[in-house]
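Remarks on the structure that follows.
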Amino acid sequence: MEEKKTCLYDKHVALGALMSPFGGFIMPIQYSTIIDEHNAVRQHCGVFDVSHMGEVRITGPDAERYVQHIFTNDVANAPIGQIYYGMMLYADGGTVDDLLVYKMGENDFFLVINAANISKDVEWMQQQMQGFDIRFDHQSDYYGQLAVQGPEAEAVVEEVLGLQCKELKFYTAAPLQLPTWGESSKPNHLPLGGGREGAIISRTGYTGEDGFEIYGSHDFIRATWDKLIESGRCKPCGLGCRDTLRFEVGLPLYGDELSADISPVMAGLSMFCKLDKEEFIGKEALVEQKANGVPRKLVGIELSDKAIPRHGYAVLTPTGDVIGEVTTGYHCISVDKSVCMALIKTEYAKLGTELLVQIRKKTFPGVVVKKKFYDKHYKK
Amino acid sequence: MAHFEAGLYYSESHEYVRVDGEYGYIGISDYAQHALGNVVYVDMPEVDDEVTAGEEFGAVESVKAASDLIAPVSGTVVEVNEALEDEPELLNKDAFANWIIKVQLSDSSELDSLMDVEAYKAHCE
């Protein structure tokens with residue numbers, strides 16, 4: 001398959017980034033080193049090109065009812081600007097995708113989905129539209145996206161970009177008043193009509209640090225990237241450290257911790273599934289799973305050795321029975337420990353349970369711990 | 001950019017052998033450590049283990065992935081570089097100074113099938 005390029009591809013190459021395929025795109029993995037970039041986000045500020053993420057806008061008289069139908073979280077009576085994290089599920093409780101839903105107005109929602117799932121999600125969402133009077137605009141090709149993350153993100157966005165974001169609360173969004181940069185003679189056009197409108201800023205991210213995500217046209221995103229990089233106050237960061245950062249604070253990645261075979265209940269994400277909601281696709285399955293339990297659960301495992309558990313490695317009982325497998329593992333950068341998330345049989349999922357992880361030819365002892373290896377530092 | 005050291009034998013999978021009499025010091029090339037990025041763990045065999053040319057004898061783990069170490073020559077491990085247990089990043093600092101294992105060569109004719117620095121440079125291009 002020919003990988004797509006984001007609107008910043010040439011800038012990554014010029015910065016000497018190591019480029020690699022991810023989710024159907026050719027993306028920067030690192031510019032300097034993963035550890036350098038990881039620490040920049042934990043200690044100062046980093047900027048990520050996350051233009052590979054997909055965007056869908058749902059508007060029309062039934063927009064809210066439709067979002068409530070396909071989404072596990074509850075957007076009823078939400079104030080404008082509120083953002084929700086949740087999942088779209090199959091009827092059996094398996095996960096179609098995890099996503100953010102932005103309420104941009106009454107019956108006006110902006111959905112942000114995973115790059116690797118864009119075509120699958122769009123097809124699935126469109127199959128669920130019958131009986132709803134909505135307008136469905138797939139806008140992934142229009143929007144570029146930047147994530148500015150780290151304890152200094154607020155100062156960088158305020159001072160370098162001149163965008164007022166101090167008042168923006170965690171998990172809220174605002175349409176961006178058009179700044180003066182990012183002008184172009186040939187703007188790409190938002191499917192809703194018009195030129196460069198539609199830019200959005202939100203206090204969100206995937207690193208466990210304070211930060212912002214900025215959505216806009218390709219010209220706008222390119223100009224914004226340049227301002228951030230030229231300021232020297234913001235390190236360009238690749239997907240390599242995006243994964244180590246999200247992993248350390250226990251955030252799931254679709255394909256690892258969530259999938260068509262892994263429900264939010266198994267992944268420990270029930271708090272984002274509002275079972276008191278009237279209905280959503282997959283609700284009955286989750287109610288059943290909550291009542292009767294699930295065969296496997298996602299846990300954290302801490303190893304006493306430095307060997308690193310990787311995705312797909314087997315997890316065993318101390319007597320050698322296979323009870324599950326690793327979903328993501330790293331030598332944790334912020335806390336200097338080898339840890340992983342793993343999906344294992346529920347009876348072994350209790351905190352403190354001793355088990356083994358197979359790493360190449362050897363097995364290493366580990367213990368079940370909370371799957372948050374480093375504390376989040378959100379500004380709420 | 002990667003640098004290349006003359007006088008060593010190189011394999012296609014980017015290990016080198018520095019020959020010292022009947023012994024060989026095996027490590028990874030500077031090109032390899034560049035490609036791997038931050039090395040965070042080195043999985044090494046134990047003293048007295050046998051390694052066989054063309055077969056895996058350990059692994060180097062970067063933040064992102066594990067890469068097998070392939071023995072460029074056969075022999076018996078007489079020493080492992082224990083400094084790498086606590087400071088795997090030494091491979092990033094100087095891959096040629098920080099060998100991984102020292103073996104007693106069992107068949108020095110195996111060296112003939114490895115590359116010299118010029119051939120290895122060409123291999124990396």
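Can you list residue pairs whose Cβ atoms sit under 7 Å apart, with the first residue in the stretch A:318-334 being over 11 Å from A:TYR348 (Cβ atoms) and the second being of a type in the set (Phe, Trp, Tyr) and not in a loop (DSSP other than H, G, I, E, B)? Count only pairs 6 or more apart in sequence or on different chains. Taking only residues 6 or more apart or on different chains, the pairs are A:THR328/A:PHE247; A:TYR330/A:PHE247; A:HIS331/B:TYR41. Is at least one residue of the stretch A:282-304 within 14 Å of chain B (Cβ to nearest Cβ) and either open to solvent by 20 Å² or more (accessible area, probe 1.4 Å) or polar (S, T, N, Q) (or both)? Scanning the stretch A:282-304, I find at least one residue that is within 14 Å of chain B (Cβ to nearest Cβ) and either open to solvent by 20 Å² or more (accessible area, probe 1.4 Å) or polar (S, T, N, Q) (or both), so the answer is yes.
In this structure, A:GLY320 does not qualify as under 24 Å from the mean Cα position of the chain (by Cα) and on the phi > 0 side of the Ramachandran plot.
Could you please let me know if A:PHE132 is of a type in the set (Phe, Trp, Tyr) and open to solvent by less than 10 Å² (accessible area, probe 1.4 Å)? When the stated conditions are applied, A:PHE132 does not pass them.
Within the stretch A:325-348, the residues that satisfy the criterion of being open to solvent by 20 Å² or more (accessible area, probe 1.4 Å), more than 25 Å from B:PRO45 (Cβ to Cβ) and not β-branched (Val, Ile, Thr) are A:GLU325, A:SER334, A:LYS345, A:GLU347, A:TYR348.
I'm checking my understanding of the structure. Among residues of the stretch A:233-249 that are part of a loop (DSSP other than H, G, I, E, B) and either within 14 Å of chain B (Cβ to nearest Cβ) or in contact with a strand residue (DSSP E or B) (Cβ under 7 Å, 6 or more places away or on another chain) (or both), which one is farthest from A:LEU298 (Cα to Cα)? Among residues in the stretch A:233-249 that are part of a loop (DSSP other than H, G, I, E, B) and either within 14 Å of chain B (Cβ to nearest Cβ) or in contact with a strand residue (DSSP E or B) (Cβ under 7 Å, 6 or more places away or on another chain) (or both), the one farthest from A:LEU298 (Cα to Cα) is A:CYS234. Out of curiosity, is B:VAL78 modelled with pLDDT of 95 or more, more than 14 Å from chain A (Cβ to nearest Cβ) and farther than 29 Å from A:LEU245 by Cβ? Yes. Residues in the stretch B:56-99 that are within 15 Å of B:TYR16 (Cβ to Cβ), in a loop (DSSP other than H, G, I, E, B) and open to solvent by 30 Å² or more (accessible area, probe 1.4 Å): B:ASP94, B:ALA97, B:TRP99. Evaluated against (1) under 27 Å from the mean Cα position of the chain (by Cα); (2) in contact (Cβ under 8 Å) with a residue 40 or more places away in the chain, A:LYS362 falls short on exactly one condition, (1).
Scanning the stretch A:23-51 for residues that are among the polar types (S, T, N, Q), within 14 Å of chain B (Cβ to nearest Cβ) and over 24 Å from A:ALA223 (Cα atoms) yields A:THR33, A:ASN39.
The values are calculated or read from the model by the stated rules, or taken from the named source; none is laboratory data. Being a predicted model, the structure only gives us computed values, none of them experimental. Counting neighbours? That spans all protein chains shown, and the Cβs are built from the backbone with ideal geometry, glycine included. Ligands, DNA and RNA are excluded from the accessible area calculation, which covers all protein heavy atoms including side chains. Shrake-Rupley method; radii C 1.70, N 1.55, O 1.52, S 1.80 Å.
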